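**Q** Can you read through this structure? Questions will come right after.
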Amino acid sequence: MPFNENNNSRFFDLRTFLSHLLKNLKLYALLILICAMAGFLWKFLPELRSFLHYSDAAPETPQSEAAAAGNELPYLYTAKKILYFPLEGDQEDSLPTDAYLACLDSQAVLSGLAKDHYEAAMQEEYRLRSRMIDYNYRMQSVMEEPYSMGDFRSIFSAASPSPHFIILSAKTGSRELSEQLSDELEQRLTDYVESLIDSFPHRVLPGETALSLPQPSNGLIPRTDTGASIIPKKPSPFNMAKAGIKGILYGLVLGALLSCLLGFFLHFVSLTLDSEQDLDAFGIPVLALIRPVRRPSLPSRILSLLDGDSECCENREQAASMLMAYAALAGTEHFLISGTVPDDELHEFARICSGIAGQNSHVLSILSSGNIVINSETVTKAGFTGTVVLFEKLGFSRKSDFEHEIRRFTSINCKILGIILQK
């Protein structure tokens, strides 16, 4: 049987894989270029934005003017609740703290907090944004950003430095609101954990409300209540170029990895015959390999070395001579040249073989016809000759068509002498 289904597994061949990469070099080079450009923009645009919005001189805002405006600095108040879970001896049971951390994002806890405090938190957030704009921490466009449930969730945080402790925090622009939210977060979490798992005895330790200022963005120079300025590092063209080059390097590495992964995937899911190894499962000998015509370039030379072009016939005339030698050795007087390649290539190769056969009285006739799957004439000619030689082309002939072709010839008891393979 010419096709062994038990031998249809495909093994990784490094040489064939590298050959596939070189044959599709333009595709993978384009992918690497796109990744390099994306990396450049990722690193360069923030530096450019900071450079364009940077001001050399700090704006003059005396304390009296700020006080007259009735505004406060955009302070952030972080109210903390520290929960202590006494454990016996050296016990390191993290179940209480794990339960509190897991339930922080539960709908039951957040929906209850949002129902009572979402509107107040939103109003306070917009007041905080307004103060950030007044004191040059943010640009005016920040006011256009809508307040969402994600902003409300970002108010709360939790951390567990050890199995004995968990720190619950709430951070807003108002001390009163932060302390109120931290108290209610502790109470709702405790009630919810108790309803789901169990009651864990604990003590609430006093935690101070921390005061901080937000970080300035886009190279802005914030003003303080004394008129002093927080001067960020001045952006420079050198830093911009450095960030851009770093982004390009990141993109090149990422593009190379993606190209290898994509090439690996395409190599294994390829529907065409890509190498001689793809023919091993069919058990049909390759009578001759025809060297492809390549451009005189470095990638072509490497590809020629990987594909073993030195072991191939230089042209179709040499391959036809090899075929006639095999036909004479097998005592074949009539044979058909068929395959899944275009009909004009089959007829051209048959013409070359007929010219060589004129010098050899052993072979009486050489016929050619297209793919037997779609050409009824091929069935008639194969029945007349009783022997067929398949002419296939790597990267063009589909595996499924090739398999169906072999099954058709086998079903009419036509002997397959071998394959002429065009690389």
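**Q** Which one is modelled with the lowest pLDDT, of the residues in the range 223-244 that are more than 30 Å from R131 (Cβ to Cβ) and surrounded by fewer than 14 Cβ atoms within 10 Å (Cβ to Cβ)?
**A** S236
**Q** Any idea which residue in the range 388-400 is nearest to A350 (Cα to Cα), counting only those that are out of contact with any Gly (no Cβ under 6 Å at 6 or more places or on another chain) and surrounded by 20 or more Cβ atoms within 10 Å (Cβ to Cβ)?
**A** V389
**Q** Could I ask something else about it? Return the residues of the range 170-197 that are β-branched (V, I, T) and touching a Ser or Thr at 6+ places or on another chain (Cβ under 7 Å); say none if nothing qualifies. Don't jump to the end; show me each part of the working.
**A** Pass one, the range 170-197, residues β-branched (V, I, T): 172, 190, 193, 197.
The answer is T172, and nothing else.
**Q** With the requirement that a residue be farther than 19 Å from A159 by Cα, of a type in the set (A, V, I, L, M) and either assigned to a loop (DSSP other than H, G, I, E, B) or touching a Phe, Trp or Tyr at 6+ places or on another chain (Cβ under 8 Å) (or both), what does the range 178-215 give you?
**A** I197, L213
**Q** Then there's this: From the set of residues in the range 115-131 that are out of contact with any Phe, Trp or Tyr (no Cβ under 6 Å at 6 or more places or on another chain) and within 16 Å of T78 (Cα to Cα), which is surrounded by the fewest Cβ atoms within 10 Å (Cβ to Cβ)?
**A** So the residue we want is E124.
**Q** On to the next question. For the range 302-320, which positions are surrounded by fewer than 16 Cβ atoms within 10 Å (Cβ to Cβ), assigned to a helix (DSSP H, G or I) and at pLDDT 60 or above?
**A** Correct list: I302, E311, E317, Q318.
**Q** Scan the range 146-160 for residues that are surrounded by 14 or more Cβ atoms within 10 Å (Cβ to Cβ) and closer than 17 Å to T172 by Cβ and jot them down.
**A** Selection gives Y147, D151, F152, R153, I155, F156, S157, A158.
**Q** Tally the residues that are modelled with pLDDT of 65 or more and either assigned to a loop (DSSP other than H, G, I, E, B) or among the aromatic types (F, W, Y) (or both), restricting the search to the range 9-28.
**A** The total comes to 3.
**Q** While we're on this one: Restrict the check to the range 138-145 and report whether at least one residue is under 30 Å from L87 (Cα atoms) and surrounded by 14 or more Cβ atoms within 10 Å (Cβ to Cβ).
**A** For the range 138-145, residues under 30 Å from L87 (Cα atoms) and surrounded by 14 or more Cβ atoms within 10 Å (Cβ to Cβ): absent.
**Q** Considering only residues that are closer than 30 Å to S236 by Cβ, modelled with pLDDT of 50 or more and assigned to a loop (DSSP other than H, G, I, E, B), which ones fall in the range 33-87?
**A** Hits for the range 33-87 are Y54, S55, D56, L73, P74.
**Q** Write out, first by first residue and then by second, each pair whose Cβ atoms fall under 8 Å of each other, whose residues are 6+ apart or on separate chains, and whose first residue, in the range 98-119, is in the same structural domain as S169 (by TED's automatic domain parsing) and more than 11 Å from F152 (Cβ to Cβ) while the second is aliphatic (A, V, I, L, M) and surrounded by fewer than 17 Cβ atoms within 10 Å (Cβ to Cβ).
**A** A99/L196; A99/I197; C103/L196
**Q** Report whether or not S400 is of a type in the set (S, T, N, Q) and either under 22 Å from S321 (Cα atoms) or in a strand (DSSP E or B) (or both).
**A** Answer is no for this residue.
**Q** Being modelled with pLDDT of 90 or more, hydroxyl-bearing (S, T, Y) and over 20 Å from G207 (Cβ atoms) is the requirement here; does Y118 meet it?
**A** The answer is yes for Y118.
**Q** Now for a different question. So for the range 73-86 (the condition being of a type in the set (S, T, N, Q), in contact with a helix residue (DSSP H, G or I) (Cβ under 9 Å, 6 or more places away or on another chain) and under 14 Å from K171 (Cα atoms)), does at least one residue qualify?
**A** Yes, the range 73-86 contains a residue that is of a type in the set (S, T, N, Q), in contact with a helix residue (DSSP H, G or I) (Cβ under 9 Å, 6 or more places away or on another chain) and under 14 Å from K171 (Cα atoms).
The values are calculated or read from the model by the stated rules, or taken from the named source; none is laboratory data. Model, not experiment: these values are computed from the prediction. Cβ atoms come from the backbone with ideal geometry, glycine included; neighbour counts cover every protein chain shown.
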